[in-house]
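Q: Structure in structure tokens, see below.
The values are calculated or read from the model by the stated rules, or taken from the named source; none is laboratory data. For clarity, every value in this text was computed on a predicted model and none was experimentally measured. When we count neighbours, we look across all protein chains shown, and the Cβ atoms used for this are built from the backbone with ideal geometry, even at glycine.
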Amino acid sequence: MCGIVAYIGHRVAKPILLEGLKRLEYRGYDSAGIAVLEGNKLNLCKAVGRVSMLEEKLENKEGFDGSLGLCHTRWATHGGVTDFNAHPHRDDRHGIALVHNGIIENYAALKTYLQEKGHRFASETDTEVLAMLISELYEGDLEAAVQAALREVTGAYAIAVICEKEPGTLVVARKGSPLLVGIGNDEHVVASDAAAIVAHTTQAFMLDDYNVVKISKDGFRTSDIHNTPLTPKITQLEIDLQEIELGGYSHFMLKEIYEQPKALRACVSGRMDLREGRVVLGGLTNFAKELTKARRVILTAQGTALHAAMIGRYMLEDLVKIPSTTEYASEFRYRNPVIEENTVVVAVSQSGETADTLAALHEAKERGALALGVINVVGSTIARETDAGVYLRVGPEIGVASTKAFTGQVAALALVTFFMARKRLMSADQCREFMQEMEAIPGKIERILELDSKIKSITEKYVERENWLFLGRGYNYPTALEGALKLKEISYIHAEGMPAAEMKHGPIALINEGMPAVFIANRGRQYEKVMSNIQEVRSRGGHVIAVATEGDNEIRKYVQDVMYIPDVCEPLSPLLAVVPLQLMAYHAAVLRGHDVDKPRNLAKSVTVE
Ligand code: G6P
């Protein structure tokens, strides 16, 4: 979604700002803009489309060589995708420019008030209202005007503001939408995502809600919106630049698919005590008693994270024997859910910023649940607001189509399952067996990756087809949902995922000659039943592509194509079964000529409900 980068220092701001914006491109956006103060003159430039279009527009433009500036990528919420609606928004009375992530909920009332005061609006956005409000309240002190304006607004924001009248000052603030200040030598880089900062400095602090920071070249002052001074907690950003660069791969998605063995090794490293037959999760240790007493688990998430949560639910019921459900966070939040005593709510999220998931978490906490997080981004909002949690440790995920975060979420949920199971009914020996299976997963994924060219050639056979089915049962029903989601996200092919048995209750009507149906048909408790479902598709002309267990040669008689995965215990089988589906989706998108890392309309982290 929207991205912010701002710079104040001794260097020319423009290239730093544009380079930062490019590092945020992966988050998804539809327009971009920049404002730079050169001397005492504020200059703006905006463009619909990619950052490269903005760069083109900036070529030969004068007035952008100053050392203070801010820029933005916009993902439209209020108002269409136009230059006028793109950020920064400016006020002409005092020469204020502002960029904003989030939504100002009371913007309509504020706009009427400001119009009465004589302000004229150029855009349809909520953001321009905030720029005008700051201008209205400006009395020669930008920091004070920002604080005063933020006392009047409701909603969510991360903002950066500059003013012609204060050419040595950058003011930034946050409520509900992430913002970091990177501290360099005589310079500061502010961004909504660490990816735009790490090339310059790894020393940074994350703003808390209602924090306002006034920044100059060589220092900063942090306060709240009532001007009470605060001391921020400066930390070291733990992102390696290599992790957010392509490193020889053609796309981040492909890189991240290939990174899965390494990512999963990192996820489980130091967390499995094979000698004692137990899982060690530092984040959960203090809540071991509550987890032993727990009577219900509700896992909540959106998108890919929800699919991982569904697999977590199967594991918890199967191995911990605890009633568990999964919920779309957006539905859970607003349907007045019943939360009994001793309920644990688990929020699963790669970014830790998804607004729907955050809202569900707030609801669960208000209703007395113990809130756990299974999160990738360290220090993200959800991670900070849960009572305890487990980080994925899979490294930054840049590809909009989530891959290594999915397998990381499944692996982390498996660890949580083993942790809880050991406190109840699982013996050390059983736990050890599962952990040995988990240890073998990265190597097995490496074997699947070796089959990539075969998977590509299977994809080539079907890539022209506009409708696909993905079918699985048990643990691999969510895998089927994930396979379908991957395909539609990046190749724009219509795909439906469902339980293989459900197909005959309606969707079977869709099957026509040559329709691709991807079945997850690995060896397991429901293998025979899946084979029957395969027959149902075949007899209606559908073409079956099966994900099957190595050594299952028999299956070749019943399907058109097979993608083999190594043998694995059922609870962990989605970790392998999803890999060929990720690769298929990737190849389909490339073959169709789509920009895999910048799929249309999608955002990496959706920070609006
Ligand atoms: C967006 C992304 C999806 C992601 C979902 C949840 O819709 O496009 O890829 O699965 O948000 O994101 P989270 O960061 O909470 O895992």
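Q: Name the pairs whose Cβ atoms lie under 8 Å apart, with the first residue in the range 69-85 and in a strand (DSSP E or B), the second buried (at least 21 other Cβ atoms within 10 Å of the Cβ) and of a type in the set (D, E, K, R), and 6 or more positions between them or separate chains?
A: If the second residue must be buried (at least 21 other Cβ atoms within 10 Å of the Cβ) and of a type in the set (D, E, K, R), the pairs left are Gly69/Lys14; Thr73/Arg27.
Q: If you don't mind, there's one more thing I want to ask. Is there any pair with a first residue in the range 342-357 that is more than 20 Å from Val410 (Cβ to Cβ) and a second that is more than 7 Å from the ligand (Cβ to nearest atom) and polar (S, T, N, Q) whose Cβ atoms are under 6 Å apart and which are 6 or more apart or on different chains, and what are they?
A: Glu353/Ser380; Glu353/Thr381; Glu353/Thr607; Ala355/Thr607; Asp356/Ser330
Q: Could you list, in sequence order, all residues of the range 302-333 that are under 16 Å from the mean Cα position of the chain (by Cα) and away from the ligand (no atom under 16 Å from the Cβ)?
A: The answer is none; no residue qualifies.
Q: Continuing with the same structure: Consider only pairs whose beta carbons are under 6 Å apart and that are at least six residues apart or on different chains; among these, list those whose first residue lies in the range 409-431 and is assigned by TED's automatic domain parsing to the domain that holds Ile322 and whose second residue is assigned to a loop (DSSP other than H, G, I, E, B) and away from the ligand (no atom under 16 Å from the Cβ).
A: If the second residue must be assigned to a loop (DSSP other than H, G, I, E, B) and away from the ligand (no atom under 16 Å from the Cβ), the pairs left are Leu415/Arg271; Phe419/Leu281; Ala428/Gly277; Cys431/Gly277.
Q: Phe220 is checked against (1) free of Cβ contacts under 8 Å to residues at least 40 places away in the same chain; (2) over 29 Å from the mean Cα position of the chain (by Cα); (3) part of a loop (DSSP other than H, G, I, E, B) and fails just one. What number does that condition carry?
A: Only one criterion in (1) free of Cβ contacts under 8 Å to residues at least 40 places away in the same chain; (2) over 29 Å from the mean Cα position of the chain (by Cα); (3) part of a loop (DSSP other than H, G, I, E, B) is unmet by Phe220, namely (3).
Q: Among residues belonging to the range 339-355 that are aliphatic (A, V, I, L, M) and within 11 Å of the ligand (Cβ to nearest atom), point out the one that is farthest from Glu290 (Cα to Cα).
A: For the range 339-355, the residue satisfying everything is Ala355.
Residue by residue, here is whether (1) among the polar types (S, T, N, Q); (2) within 16 Å of the ligand (Cβ to nearest atom); (3) touching a residue at least 40 places away in the same chain (Cβ under 8 Å); (4) in a strand (DSSP E or B) holds:
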| site | (1), (2), (3), (4) |
| --- | --- |
| Ile545 | no, no, yes, yes |
| Asp552 | no, no, no, no |
| Asp567 | no, no, yes, no |
| Ser573 | yes, no, yes, no |
| Leu583 | no, no, yes, no |
| His594 | no, yes, yes, no |
| Val606 | no, yes, yes, no |
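Q: Quick one: in the range 72-86, of everything that is of a type outside the set (S, T, N, Q) and within 11 Å of Asp30 (Cα to Cα), which residue is surrounded by the fewest Cβ atoms within 10 Å (Cβ to Cβ)?
A: The extreme case among them is Gly80.
Q: Name the residues in the range 232-261 that are among the basic types (Lys, Arg) and under 28 Å from Ala585 (Cα atoms), would you?
A: Lys255
Q: Exactly one of (1) aliphatic (A, V, I, L, M); (2) outside the structural domain of Ile545 (by TED's automatic domain parsing); (3) within 16 Å of the ligand (Cβ to nearest atom) is unmet by Leu485. Its number?
A: Condition (2) is where Leu485 drops out.
Q: Could you say whether any residue in the range 194-216 is in contact with a helix residue (DSSP H, G or I) (Cβ under 8 Å, 6 or more places away or on another chain), at pLDDT below 95 and in a strand (DSSP E or B)?
A: The answer is no; no qualifying residue exists.
Q: Right, Gln430: of a type in the set (S, T, N, Q) and surrounded by fewer than 15 Cβ atoms within 10 Å (Cβ to Cβ) or not?
A: For Gln430, the condition - of a type in the set (S, T, N, Q) and surrounded by fewer than 15 Cβ atoms within 10 Å (Cβ to Cβ) - is not met.
Q: State all residues of the range 1-45 that are touching a Phe, Trp or Tyr at 6+ places or on another chain (Cβ under 9 Å), of a type in the set (D, E, K, R) and surrounded by 22 or more Cβ atoms within 10 Å (Cβ to Cβ); if no residue qualifies, say none.
A: Across the range 1-45, the qualifying residues are Lys14, Arg27.
Q: Asn336 fails exactly one of the following numbered conditions: (1) in a loop (DSSP other than H, G, I, E, B); (2) in contact (Cβ under 8 Å) with a residue 12 or more places away in the chain; (3) away from the ligand (no atom under 13 Å from the Cβ). What is the number of that condition?
A: The one condition Asn336 does not meet is (2).
Q: Let me ask another. Report the residue count in the range 358-383 for those that are outside any helix (DSSP H, G or I), in contact (Cβ under 8 Å) with a residue 60 or more places away in the chain and surrounded by fewer than 24 Cβ atoms within 10 Å (Cβ to Cβ).
A: 4
Q: When you scan the range 271-288, do you find a residue that is at pLDDT below 95 and closer than 22 Å to Ala194 by Cβ, even just one?
A: The answer is yes, given that some residue of the range 271-288 is at pLDDT below 95 and closer than 22 Å to Ala194 by Cβ.
Q: Given the structure, is Phe287 touching a strand residue (DSSP E or B) at 6+ places or on another chain (Cβ under 7 Å) and closer than 29 Å to Leu602 by Cβ?
A: No, not satisfied.
Q: Need a quick list: helices (runs of 4 or more DSSP H) entirely within the range 384-494 having at least 2 residues that are within 30 Å of Lys321 (Cβ to Cβ) and modelled with pLDDT of 95 or more.
A: Hits in the range 384-494: 404-422, 428-449, 477-491.
Q: Sort through Gly118, Gly95, Gly155 and tell me the only one that's in contact with a Cys (Cβ under 8 Å, 6 or more places away or on another chain), small (Gly, Ala, Ser) and in the same structural domain as Ser216 (by TED's automatic domain parsing).
A: Gly95
Q: Something else: For the range 310-325, check the following and say yes or no: at least one residue is surrounded by fewer than 23 Cβ atoms within 10 Å (Cβ to Cβ), free of Cβ contacts under 8 Å to residues at least 60 places away in the same chain and over 14 Å from Val416 (Cα atoms).
A: yes
Q: Sticking with this one: Could you check, for the range 112-123, whether at least one of its residues is touching a helix residue (DSSP H, G or I) at 6+ places or on another chain (Cβ under 7 Å) and assigned to a strand (DSSP E or B)?
A: no
Q: Output the residue which, of all residues in the range 554-564 that are buried (at least 18 other Cβ atoms within 10 Å of the Cβ) and under 20 Å from Ala495 (Cβ atoms), is nearest to the ligand (Cβ to nearest atom).
A: Taking the candidates together, the pick is Met563.
Q: Among (1) within 26 Å of the chain's Cα centre (by Cα); (2) closer than 21 Å to Ile34 by Cα, there is one condition Glu105 misses while meeting the rest; what is its number?
A: Going through the list (1) within 26 Å of the chain's Cα centre (by Cα); (2) closer than 21 Å to Ile34 by Cα, Glu105 breaks only (2).
Q: Counting only residues that are under 26 Å from the mean Cα position of the chain (by Cα), part of a strand (DSSP E or B) and of a type in the set (A, V, I, L, M, F, W, C), how many does the range 162-180 have?
A: 3
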